[in-house]
């Protein structure tokens, strides 16, 4: 059956990526959007778009609209309803094609306990696991507590010793319940030095199953992948054929149709691998596979649904070169990678030839706590892993993104890391290398960048302060102190003052152990920033000022300085001794009352954000003198929660 | 925007000549000395007092001014060299000038608490009056940064110094005029804003008392008619500063303060907010033109004048170095050539320029009179460039009616109602000073070059005249004339007259708005033109232009 019109039941980068293939095939695309996404990038790029008032999980509305618009098929993307067998069935019974595997496959593989039992039967190794806490000692610590219906790290806990087990199980259950409506959990062994390796499979309606090699996604934070690549730098060809064979065996056994992923845990020390789960959807990290195999997975998914046979055999599929993907998140790596919200004040990137951007945002978009904070995936292809790494690093370094904190600079540090370069990308990578991954730009660089920021500000005031603008800036026939700009960076205060002399600007750092004076000339504002000569070096930088922050990109990544306003906002009163929200979220539980005595480290408030629970603990001993929030309140990042004296 | 189509002036200046180089060295020496004075001005009452104030969380006065202004905007300071050569601190213990606050040009007058606790010396009083005048004439908001111990009760301090004595001839009965003038500003709908930075006691209390807006600073501002000691003496009541006249009391109880600021910076923020709501619309009076820089380097201005002012200066060499594109439309170039008159633009603003190219002849006076009338007809501001030894004297010129013709010119200058901006470059002697719109002739602004000399006549002539008078007196009385003593006296008088005539003496006594680096002439003039453009500019009415 020929498909002509496809509804993409998703948002952001994945919706856009699917729409692109639909367009390339000459087909028609329909996007859906919720209140928050009226101006979403996927809405602008689809042929048609339809409003779903209750959002991306409203199954009946989506099907209803699809019928009204004569849609032939629905592509669910990842997340949302992509692995919801009920929805899949409803779609099929509405005579609309489902771009994905059968509901039975989704159901079977969606249940981690059942899927592992199947593997055991097939002789595919799986990790010992139990649903009974009493069996914990049999597994041995550390133990991973996981939601049965889980994914994406939600409802997941690592337990180091017995005394923490009960609390972890309770928390995991609560999260599982709120995320998936299913509080079942299980326990399994946690392998410290491991890799996450997965195999991409494709199956058609005629029993043909092929694999498209592996992806390694071991670098994770908060149990979510941030760097993925293909091929894995660790697998030897024999290990590769072993693991891919295992995946094809399993997929064939269940008659897998469409694209899917078989995930394994790989033990770095023993070369053993264990089956984890099958993801019955297109994965976030699918582009690395596409780049090394030159297969468009979405295109293949559509062809399969149209009833076509796979057009290639296993031997036709080659793994060429190397592809690395990084996930750009709105988050603060220094605050335990917790999500950030804000508005994209500037976004520009080189979009180099060997780099693919799967992006879901544009300038001025507001990133809210309502959706996943992933902004984009950037994937580089190289003939070698080294080349791909270098291309990706340069692409990120030249990407200017302002207005919201992201993990971009952290990702650059990962790509620069010598352990990463050597392929030592085991799951403990971030923890192991953390000292090197959180280093800042050198003091000298910071000094130069602050000078550039100051000069940019100086040029910018010309545009803003137009009165008497025909005179040289800061001109006086008498005498006044020098103009200055103050910055805060890494909790340190910086002050730069400047004077104009003979078409040049002398700029120096004040209030410091060492004064460094620079001379700037030929200063010109560019559409995105500034170009100038600073101490005999030609420099260009992209600059964005947004609220109190100034973000600069000099071709070596973005750096953000807080520009201290000369005058403070009378409304900004900081309450001393107050505890603030580490991220935007909802108040789930308040353990204390006004007047309570608290000891240091005591859990005071539980905040739910991004479907995860965060405990706010007392940072000092004292008495609670004020509680500013109530259970159920939605709070902003930095909001005062309570005051302890 | 219109295009400037006036022809370009050509230079004949040889900047490599010995005389130019000698003059330039002399000028640079003078500029260096002025710059060293500015360094003194910067530290006001001295580091000890600045540190003492800083310990109380107080900014130096110039930091207050700087932080009040819009970032990177220019500042036209008025009389920075006030009180030079007296026992008072150079600068006079206060800062005055015009700057940009929240996009608007404002006059700022600030007491310097590091100098005698900000007490009102006669120099403070003079500068304050001048600032009020600039605000009134040009209709600019007037901002007071108040921190004053009140009147300088010590009275006359410096009896040995002529200048100080002249200014110190001041009776209490004459005081209070500043308060009168502040209320007058308000009546003219020129906003008056005060930030009280410290104590403002007795007379000082009327500074905010006569303001439209008052900003007080928490735990810092105080205002009372009488402080606790005086109150105790007068009524026996025991009180403390805060309850008697603290910022909080005045903001919450007496209502004397309109805004209570957290600290000094916050007070400046509030002041900027006040200015931003004043609903000032600046509508230009002029057909502005697009503009280019002068074609000739302003360094050429440094070597034109010699120390004794005897070098012949073609005033066009000055004009072409500060006007747009060096483009000048000269009026009557063939008639009365000792006054160069003509039209030009400065940063796009149209101006009529009168510059001396020698003493004033009868026909020079006629031509100048006509030119001033023409500029009044077209509401064009006038720029006077002084380098004049006076009106020509002698039988022939008296017969030609030099008094009549000079009187015509002085009459027209007096009754001209377009703004006058004067620059005294070299000599400004005798009635020439009046004819060129000197200090007494209601200029909007008057600046001097370091080479300026202002006097009734040249010091040498003055000493010679005095010698002749003495000789005549001796003859009349039949006394023997002591030639040797006379020679000594001539030298003494000449030196004294020379000193009195110098730019710094004039600046010290606030008879100008300051001495400028000649290279800054264009910037100063441009600033002044922008300032005058805040008021309505209208030339004199009554008669048409006389064909003279």
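The values are calculated or read from the model by the stated rules, or taken from the named source; none is laboratory data. What you see is a predicted model, and the numbers here were worked out from it, not measured in a lab. Here Cβ is always computed from backbone atoms with ideal geometry, including for glycine, and neighbour counts include all displayed protein chains.
This table checks each residue for (1) within 14 Å of another protein chain (Cβ to nearest Cβ); (2) within 15 Å of residue A:449 (Cα to Cα); (3) surrounded by fewer than 16 Cβ atoms within 10 Å (Cβ to Cβ); (4) without any contact (Cβ under 8 Å) to a residue 12 or more places away in the chain.
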{"position": "A:528", "(1), (2), (3), (4)": "no, no, yes, no"}
{"position": "A:548", "(1), (2), (3), (4)": "no, no, yes, no"}
{"position": "A:552", "(1), (2), (3), (4)": "no, yes, no, no"}
{"position": "A:567", "(1), (2), (3), (4)": "yes, no, yes, yes"}
{"position": "A:583", "(1), (2), (3), (4)": "no, no, no, no"}
{"position": "A:604", "(1), (2), (3), (4)": "no, no, no, no"}
{"position": "A:618", "(1), (2), (3), (4)": "no, no, no, no"}
Restricting to the range B:15-52, what's the tally of residues that are more than 20 Å from residue B:124 (Cα to Cα) and assigned to a helix (DSSP H, G or I)? 23
With criteria (1) surrounded by 18 or more Cβ atoms within 10 Å (Cβ to Cβ); (2) modelled with pLDDT of 95 or more, residue B:273 comes up short on (1)
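Given the range B:212-320, what strands (runs of 3 or more DSSP E) lie entirely inside it while holding 3 or more residues that are away from chain A (no Cβ under 14 Å)? I'd like the intermediate steps shown before the answer.
Values: elements: B:213-217, B:222-224, B:259-261.
In the range B:212-320, the matching strands (runs of 3 or more DSSP E) lie at B:213-217, B:222-224.
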Please verify whether residue B:348 is touching a strand residue (DSSP E or B) at 6+ places or on another chain (Cβ under 8 Å) and within 14 Å of chain A (Cβ to nearest Cβ), treating the condition exactly as stated. yes
Taking the condition away from every other protein chain (no Cβ under 14 Å) and crowded, with 19+ Cβ neighbours inside 10 Å, does residue A:452 pass? yes
Scanning for something part of a helix (DSSP H, G or I), within 14 Å of chain B (Cβ to nearest Cβ) and either touching a residue at least 40 places away in the same chain (Cβ under 8 Å) or out of contact with any strand residue (DSSP E or B) (no Cβ under 6 Å at 6 or more places or on another chain) (or both), does the range A:463-470 turn up at least one residue? yes
Hey, can you tell me all the residues within the range B:287-341 that are on the phi > 0 side of the Ramachandran plot and without any contact (Cβ under 8 Å) to a residue 40 or more places away in the chain? B:332, B:336
On the given criteria, is residue A:35 out of contact with any helix residue (DSSP H, G or I) (no Cβ under 7 Å at 6 or more places or on another chain), surrounded by fewer than 19 Cβ atoms within 10 Å (Cβ to Cβ) and either without any contact (Cβ under 8 Å) to a residue 60 or more places away in the chain or under 22 Å from residue A:286 (Cβ atoms) (or both)? yes
Strands (runs of 3 or more DSSP E) fully within the range A:139-227 counting 3 or more residues that are buried (at least 22 other Cβ atoms within 10 Å of the Cβ), in contact with a helix residue (DSSP H, G or I) (Cβ under 6 Å, 6 or more places away or on another chain) and in contact (Cβ under 8 Å) with a residue 60 or more places away in the chain: A:194-203, A:209-221
Every listed condition ((1) within 20 Å of residue B:508 (Cβ to Cβ); (2) surrounded by fewer than 22 Cβ atoms within 10 Å (Cβ to Cβ); (3) out of contact with any helix residue (DSSP H, G or I) (no Cβ under 6 Å at 6 or more places or on another chain); (4) touching a residue at least 40 places away in the same chain (Cβ under 8 Å)) holds for residue B:119 save (4)
Could you tell me how many of the residues in the range B:197-252 are buried (at least 17 other Cβ atoms within 10 Å of the Cβ) and closer than 24 Å to residue B:270 by Cβ? 31
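Here is a yes/no grid of residues against (1) within 14 Å of residue A:534 (Cα to Cα); (2) modelled with pLDDT of 90 or more; (3) more than 9 Å from every other protein chain (Cβ to nearest Cβ):
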{"residue": "A:456", "(1), (2), (3)": "yes, yes, yes"}
{"residue": "A:474", "(1), (2), (3)": "no, yes, no"}
{"residue": "A:486", "(1), (2), (3)": "no, yes, yes"}
{"residue": "A:493", "(1), (2), (3)": "no, no, yes"}
Looking at the range B:469-499 only, could you name the residues that are closer than 30 Å to residue B:89 by Cα and surrounded by 17 or more Cβ atoms within 10 Å (Cβ to Cβ)? B:493, B:494, B:497, B:498
Criterion violated by residue B:107 - all others in (1) touching a residue at least 24 places away in the same chain (Cβ under 8 Å); (2) within 11 Å of chain A (Cβ to nearest Cβ) satisfied: (2)
Output for the range A:421-436, where each listed residue is assigned to a helix (DSSP H, G or I) and in contact (Cβ under 8 Å) with a residue 40 or more places away in the chain: A:429, A:430
Is it the case that the range B:27-41 has a residue that's at pLDDT 95 or above, within 14 Å of chain A (Cβ to nearest Cβ) and touching a strand residue (DSSP E or B) at 6+ places or on another chain (Cβ under 8 Å)? yes
For the range A:523-555, the count of residues that are outside any strand (DSSP E or B) and either farther than 16 Å from residue A:489 by Cβ or not assigned by TED's automatic domain parsing to the domain that holds residue A:507 (or both) equals 6
Any helices (runs of 4 or more DSSP H) falling wholly within the range B:483-544 and containing at least 2 residues that are more than 13 Å from chain A (Cβ to nearest Cβ) and touching a helix residue (DSSP H, G or I) at 6+ places or on another chain (Cβ under 6 Å): B:483-501
